[in-house]
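Below: the structure, in structure tokens.
The values are calculated or read from the model by the stated rules, or taken from the named source; none is laboratory data. No experiment lies behind these values; they were computed from the predicted model shown. All Cβ positions, even for glycine, are placed from backbone atoms using ideal geometry, and neighbour counts span all protein chains on display. Keep in mind that these areas ignore ligands, DNA and RNA; they rest on the heavy atoms of the full protein, side chains included. Shrake-Rupley method; radii C 1.70, N 1.55, O 1.52, S 1.80 Å.
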Amino acid sequence: MKYAKVSGELPGPNASDIIAAMKKNCYDSTFTYPLVIAGGNGCVIRDVDGNSFLDFTSNIGACPLGYSHPDVTAVLADMSRNGAHKIAGQDFYCKEHSDLAEQLLSVLPAGFKMFFTNSGAEAVENAIKVAYRKRFNEGLPILPGVSCTGAFHGRTLGALSFTYSKPVQKAGFPELAAIRIRFCTADGDSEIDAIEKVLAENQVAFVLSEIVQGEGGYNVASKKFVQNLRNATKKYAVPLIFDEVQSGMGRTGKWWAFEHYDVVPDIMSTAKALQVGATGYKGKDYDPGQQGVLSSTWGGGSRIDLAVGVTVIEVIKRDRLLYNALAMGDRLKKGLIDLVGKKGIIDVRGIGLMVGVEFDTKASRDSALIRAFRSGLLLLPAGQKAIRMIPPLVIGIGEIDEGLELMASI
Ligand code: PLP
């Protein structure tokens, strides 16, 4: 093995101390295995005990250029001399805010305007606010929004209302009015036309969907389903929101997963790989029309993150990482398909470097995650019994093949 190197028991002594302190002092959130990150290089993460792990998570897609990327470290060095690295970014202007908007708009269809926030949930939250606000501006009543089974749109209360991936995320919390349709992965699904009926029978404020469901299980939407969403929302003049927080920024081999479907949304959200949250809306139709409708202290003001976000886009363009995502994604999927029928693996799916591996049971999925971790391969769960593979977009053949060898050996 060239990349992964684990010696001794996990967690090691330093990791054990930190985890014990965190368990004492912090809410025990969504940790899957006892990894305490110290640093990283390329597609390799080092833990605090000197072990090296091949990272097929990119920190849920948030580190698309891997670790210690020279272009990113140059930006960090530059920003360290700046003296005002974090400002109230919706109250004061800065160049990084302007540069990131310009870069993002250069990879989006024409006509969008951007609003920056801190997180994916906030990006979705503001996407639905833009849709509600359009109705308000037109003197229309507040109505339910539509979202899909298996959807994950974040955990703030607005976004959570339209999340349906796991009951634990929603139990006990109040909700905005919502109508749920089935997320269809096959053109032949009996519910493929459900959106037409929902919009014919109900007045709604928006339709919100992912294109490739992330947390819900790496489910890839059927082409007909996505095109039906676009056609029906156009027919009934309802805004269509695509949530590209996980699938965006080149992850699927195109800048946006919706590009694989020949459709363009009216409003969209992205975050993770971008380093900040972003809500994009068709400026002509959806501008809130008044200052102060949307704002936040740090949105557009975390200048290091904005500057790294600019670099991420520049490097994806310069180093042809969209092509790399497709090529490496194909290699990864082919290798995984050879494992179907072994180790409880029953299905492999995905687009580009957004690859899901379905297991026969939750128990075999959970056990595979831990065995992979102990062998030096970092993976994450998705849905009820799938694993997501979402390595950095800079990944090469050597790392893909080592990841496949580790999967075959666990
Ligand atoms: N939307 C999608 C599609 C996501 O995958 C996520 C996070 O996983 C979110 C929204 C929420 O993003 P965040 O965790 O940054 O709030």
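Which loop trypsin sites (Lys or Arg not before Pro) in segment 318-354, with loop taken from DSSP, have no more than 12 other Cβ atoms within 10 angstrom of their Cβ?
Loop-located and lightly packed - 320, 342.
Report the one residue of 379, 321, 220 whose Cα lies farthest in the direction of the positive end of the charge dipole of the chain (charges on C-beta: Lys and Arg +1, Asp and Glu -1; origin at the Cα centre).
The Cα lying farthest towards the positive end belongs to 220.
Can you give the three extents of the C-alpha atoms in segment 155-266 along their principal axes, from longest to shortest, in whole Å?
Result, largest extent first: 38, 35, 26 Å.
Under a no-solvent Debye model with one identical scatterer per Cα of segment 4-92, what's log10 I(q)/I(0) at q = 0.15, 0.19, 0.23, 0.24 Å⁻¹?
-0.77, -1.00, -1.12, -1.15
Placing +1 at every Lys and Arg Cβ and -1 at every Asp and Glu Cβ, with all other atoms neutral, what dipole size does segment 2-69 have around its Cα centre, in debye to the nearest 20? The partial results should precede the final answer.
Working: 5 positive and 6 negative charges, 22 e Å.
Charge dipole of segment 2-69: 100 debye, to the nearest 20.
Indicate, rounded to the nearest 5 percent, the antiparallel portion of the DSSP beta bridges found entirely in segment 87-301.
Taking every DSSP beta bridge with both residues in segment 87-301, the antiparallel ones total about 50 percent.
Nearest-5 percent of antiparallel DSSP beta bridges in the chain?
So the antiparallel bridges amount to about 70 percent of the total.
Considering the alpha-carbon set of segment 1-52 alone, what are its Rg and its Dmax in angstrom?
Every Cα atom of segment 1-52 included, Rg and Dmax give 11.8, 37 Å.
For a quick size check, give me the Cα extents of segment 226-358 along its three principal axes, largest first, whole Å.
Projected onto the principal axes, the Cα atoms of segment 226-358 cover 57, 42, 27 Å.
Would you mind working out the magnitude of the charge dipole of segment 87-301 relative to its Cα centre, with +1 at each Lys and Arg C-beta and -1 at each Asp and Glu C-beta, to the nearest 20 Debye? Working shown, then result.
Details: 22 positive and 23 negative charges, 36 e Å.
About 180 debye.
What percent of all Cα-Cα pairs in the chain falls in each 20 Å bin, counting up from 0?
The calculated distribution, bin by bin, is 27, 59, 15, 0.
So how tilted is helix 303-318 from the main axis of the chain? Cα-based, degrees 0 to 90, rounded to 10.
80
Leaving out ligands, DNA and RNA, and with a 1.4 Å probe, what % of the accessible surface on the chain is carbon or sulfur?
54
Sum -39500 (n - 2.57) across every DSSP H segment of at least 4 residues in the chain, then divide by the residue count to get the 222 nm mean residue ellipticity, nearest 500.
-11000 deg cm²/dmol
Can you find, among 12, 62, 93, the residue farthest towards the positive end of the dipole of segment 5-100? Put +1 on the C-beta of Lys and Arg, -1 on that of Asp and Glu.
Projecting each Cα onto the dipole axis, the largest value belongs to 12.
In vacuum, with every alpha carbon of segment 241-293 counted as one equal point scatterer, what does the Debye formula give for log10 I(q)/I(0) at q = 0.19, 0.22 Å⁻¹? Two decimals, please.
Log10 of I(q)/I(0), two decimals: -0.67, -0.83.
Would you calculate the volume per residue, in Å³, of the smallest convex hull containing every Cα atom of segment 317-410?
On the way: hull volume 7.5 nm³, N = 94.
About 80 Å³ per residue, rounded to a whole number.
Would you mind calculating the relative contact order of segment 189-264 from Cα pairs under 8 angstrom and at least 6 residues apart, reporting the percent as a whole number?
34
What longest region of the chain stays clear of GluC sites (Glu not before Pro) that DSSP places outside H, G, I, E and B and that have at most 11 other Cβ atoms within 10 Å? Walk me through the numbers on the way to the answer.
Numbers: sites that count: 9, 138.
No qualifying site falls inside 139-410, the longest such stretch.
Dipole of the chain (Lys/Arg Cβ +1, Asp/Glu Cβ -1, origin at the Cα centre): which of 143, 185, 370 lies farthest to the positive side?
After comparing all options, I get 143.
So if I place +1 on the C-beta of Lys and Arg and -1 on the C-beta of Asp and Glu, and nothing else carries charge, what would the dipole magnitude of the chain be about its Cα centre? I want it in debye, nearest 20.
I would put it at about 280 debye.
Specify whether the C-alpha gyration tensor of segment 223-265 places it in the rounded, prolate or oblate class, a ≥ b ≥ c being the square roots of the eigenvalues: rounded for a/c under 1.5, otherwise prolate if a/b is larger than b/c and oblate if not.
prolate
How large are Rg and Dmax for segment 51-174 when only the alpha carbon atoms are used, in Å?
18.8, 60
Please report the Cα spread of segment 87-301 along all three principal axes, rounded to whole Å, starting with the longest.
Between the extreme Cα coordinates on each principal axis of segment 87-301 lie 51, 41, 36 Å.
So if we plug the beta-carbon distance of residue 338 and residue 28 into 1/(1 + (r/R0)^6) with R0 = 30 Å, what FRET efficiency do we get, rounded to 0.05?
The pair residue 338/residue 28 has a calculated efficiency of 0.25.
What is the local net charge at residue 385, summed over the other residues whose Cβ is closer than 11 Å to its Cβ (Lys, Arg +1; Asp, Glu -1)?
-2
Only Cα pairs under 8 Å and at least 6 apart count here; give the relative contact order of the chain as a rounded whole percent. List each step's numbers first, then the result.
Numbers: 853 pairs, mean separation 92.6, N = 410.
Taking the mean separation of contacting Cα pairs over the length of the chain, I get 23 percent.
Normalised by the residues of segment 240-396, what does the relative contact order come to in percent, with Cα pairs under 8 Å and at least six apart? If you can, show how the numbers build up before the last one.
Numbers: 231 pairs, mean separation 30.4, N = 157.
About 19 percent, as a whole number.
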